[in-house]
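Novice: This is the structure I have questions about; it appears just below.
The values are calculated or read from the model by the stated rules, or taken from the named source; none is laboratory data. The structure presented is a predicted model; accordingly, all values stated were derived computationally and were not measured. Virtual Cβ from ideal backbone geometry, glycine too; neighbours counted across all protein chains shown. For the accessible areas, the whole protein counts, side chains as well, though only heavy atoms, and no ligand, DNA or RNA atoms are used. Shrake-Rupley method; radii C 1.70, N 1.55, O 1.52, S 1.80 Å.
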Amino acid sequence: MQGGNHMLLEEPVRLASCLAPAKPKVFPSLTKIVGTLGPKSRSVEVIEECLTAGMSVARFDFSWKDAAYHQETLDNLRKAAQNVKKLCPIMLDTVGPEIQVDNSTGGSIELKGGNRVTITPDRSKAPSADILPIKFGDLAKVVKKGDTLFMGQYLFTGSESTSLWLEVIETSGEEVICLVKNTATLSGPIFTLHVSQVHISMPTLSEYDKQVISTWGLDNSVDIVSLSHTRSSEDVRELKAFLLSHDLQDTQIYAKIENSEGLEHFDEILKEADGIIISRGDLGIDLPPERVFMSQKTGIQKCNLAGKPVIITRVVDSMVDNLRPTRAEATDVANAVLDGTDGILLGAETLRGQYPVDALSTVGKICSEAETVYNQSLHFKKVVRHVGEPMAHEESVASSAVRSAMKVKAAAIVVFTFSGRAARLIAKYRPPMPVLAVVFPREGSDPSKWRSYGTTQARQCFSVRGVYPLMGSTDEAETGGLTKEEYGIKLALNYGRSVGIIKPYDRVIIFEKIGDSSVVKIIECDDSER
């Protein structure tokens, strides 16, 4: 099946291969996996297992728990990363304009379908099956009879009973009276309320978000800020200015698209952001179910053509409680890879799920399998056509490097970089082999420190499909008197051999800048090159 389809199946070989024993993977999938750390995944031991199982990015969700809790988790992450000798970037997820029900008692609340419930801004009232207090005073001003509201952990996926589907009957003063459409049990200290396709006059970057970024974020030099509920390019510019004013100019911004406003302004948001997260939780209830797939496919394609990372969420919800995903979920993950996603984000699956390590491992295996039938040739042609002619020099050389790697069936592409930009440019053309990015620290910076120009850029590469960064050195004691090129090649080849992706007599493409020019070389590996 070729042509417009992304899959490239060869009958009967591919179909027969479904029945063949799975080959052990010696290297993680090219697709990256973001794991959210929480109660079930915050000990040093479990984080070590998560990193080994394929977690590339660690996400910290500040919509719950305080900074002290997350700091303890982060300290454990750093110990675990050091123990398994892996780099791992930190992603701070903001709260944004999220309406929350404060269930301070923590008790479960059971609501019956067909009953009525009142939503009120009066937080002195205790939450119950009859009344739910929220942290927002203007709800009655923005909703009308017939509007749809969702509330709970999953915001009503339709496959569980922990979320509410509500319909507005009437408003009375500041209160909103709703019809309960389904029977559900709300549990936990906080429930989220989502109003479908209604603009909420709350800032995208809240005061709470600013306080967290300027304290916890600054103290820990976060690598990526995930801007929840991004609605316009101005939201991204505001966060960019805030980061700059707090000495976090190297921190990247990933815009989370999770409502119809974000989709409407997608193109302008993409220009401003460093990456995109297509957050299908809220997006899946802001849009009719039959349109969610199109927003995902279109969003991924736009990011691919722009050469910016894109990550999708909410793929294996059932693995919160189960050891295996559903068949539909497994297919969903594979289709996201075939569409061109850079990464998969796991939320509840790793944060509070019973099987965080298995979730990471399973998703990684599905991604690896899908990558074997990914139509790289079709994607390559689309990007080249989109870039157009005449190509900028860097685009020309990057595309040539990938084309050469394909023609000689190279085992890997080695890139020398300071900022990570060269590696991202190579990844834009979706090579089917790993990109080993040797990141050199800027002169005068100390790569042994968590925050330095070079280490930050190296960690950020972990969110890009196929890119695996290696921290280089300019210290003569470490380089052994070799030139930068000789040292970088030796570092990359030794790493490639150690993880099993480079074998004797394999070919490797070398991509580097010399002066104002970029060059591509092909080398053949030999055991004598150690």
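Novice: Rank-order 98-107, 29-38, 306-315 by packing density, defined as the average count of other C-beta atoms within 10 Å over each peptide's residues, highest first.
Specialist: So the peptides 98-107, 29-38, 306-315, ranked by packing, come out 29-38, 306-315, 98-107.
Novice: What is the local net charge at Lys85, summed over the other residues whose Cβ is closer than 13 Å to its Cβ (Lys, Arg +1; Asp, Glu -1)?
Specialist: +2
Novice: Also, I was wondering about something else. How much accessible area per residue does region 247-352 have, counting only protein heavy atoms and a probe of 1.4 Å, in square angstrom?
Specialist: Here the residues of region 247-352 average 36 Å² of exposed surface.
Novice: On to the next question. Can you give me the orientation-averaged projected area of the convex hull built on the Cα atoms of region 297-386, in nm²?
Specialist: 5.7 nm²
Novice: Hey, another quick one. Of Lys85/Lys308; Lys256/Lys302; Lys256/Lys297; Lys409/Lys484; Lys86/Lys409; Lys297/Lys409, which pairs sit farther than 18 Å apart, going by alpha carbon to alpha carbon?
Specialist: Beyond 18 Å between Cα atoms: Lys85/Lys308; Lys409/Lys484; Lys86/Lys409; Lys297/Lys409.
Novice: For the chain, report the translational diffusion coefficient in µm²/s to the nearest whole number, using Stokes-Einstein at 37 °C, 0.692 mPa s, and a Kirkwood Rh over Cα pairs.
Specialist: Answer from the Stokes-Einstein relation: 135 µm²/s.
Novice: First compute the accessible area of the chain with a 1.4 Å probe, then give the percent of it belonging to carbon and sulfur atoms.
Specialist: 51 percent
Novice: Report relative contact order for the chain in percent, whole number only (criteria: Cα-Cα under 8 Å, sequence separation at least 6).
Specialist: 14 percent.
Novice: With each label point set 7 Å from Cα along the Cα-Cβ vector, what nm distance links Asp122 and Ile523?
Specialist: Using points 7 Å along Cα→Cβ, the separation is 7.4 nm.
Novice: Of Lys32/Lys407; Lys381/Lys428; Lys32/Lys240, which ones are farther than 21 Å apart at the Cα?
Specialist: Lys32/Lys407; Lys32/Lys240
Novice: Sorted by mean Cβ packing within 10 Å, highest first, what order do the peptides 71-79, 399-407, 497-505, 421-429 take?
Specialist: Taking the mean over residues of other Cβ atoms within 10 Å, the ranking is 421-429, 399-407, 71-79, 497-505.
Novice: If DNA, RNA and ligands are ignored and the probe is 1.4 Å, what is the ranking of Glu175, Glu268, Glu476 by accessible area, most exposed first?
Specialist: Glu476, Glu268, Glu175
Novice: For region 59-178, what is the charge dipole size about the Cα centre, in debye to the nearest 20, if Lys and Arg each add +1 at the Cβ and Asp and Glu each add -1 at the Cβ?
Specialist: Its charge dipole is roughly 500 debye.
Novice: Which value in deg cm²/dmol, rounded to the nearest 500, describes the helix-derived mean residue ellipticity at 222 nm for the chain, given -39,500 (n - 2.57) per DSSP H run of n ≥ 4 and division by the residue count?
Specialist: -10000 deg cm²/dmol
Novice: With unit charges on the beta carbon (Lys/Arg positive, Asp/Glu negative), name the residue among Tyr374, His386, Gly347 whose Cα is farthest towards the positive pole of the charge dipole of region 339-427.
Specialist: Going by the charge dipole, the pick is His386.
Novice: Can you list residues whose amide H is under 5 Å from Asn103's amide H, if they're 5+ apart or on another chain and H is modeled 1.01 Å from N?
Specialist: When sequence neighbours closer than 5 places are left aside, the close amide H contacts are Ile190, Phe191.
Novice: So if R0 is 30 Å, what FRET efficiency would Tyr69 and Ser201 give, r being the distance between their Cβ atoms, rounded to the nearest 0.05?
Specialist: Plugging the Cβ-Cβ distance into 1/(1 + (r/R0)^6) gives 0.50.
Novice: Mean separation of Cα pairs under 8 Å and 6+ residues apart, divided by the residue count of region 86-217: what relative contact order is that in percent?
Specialist: 33 percent
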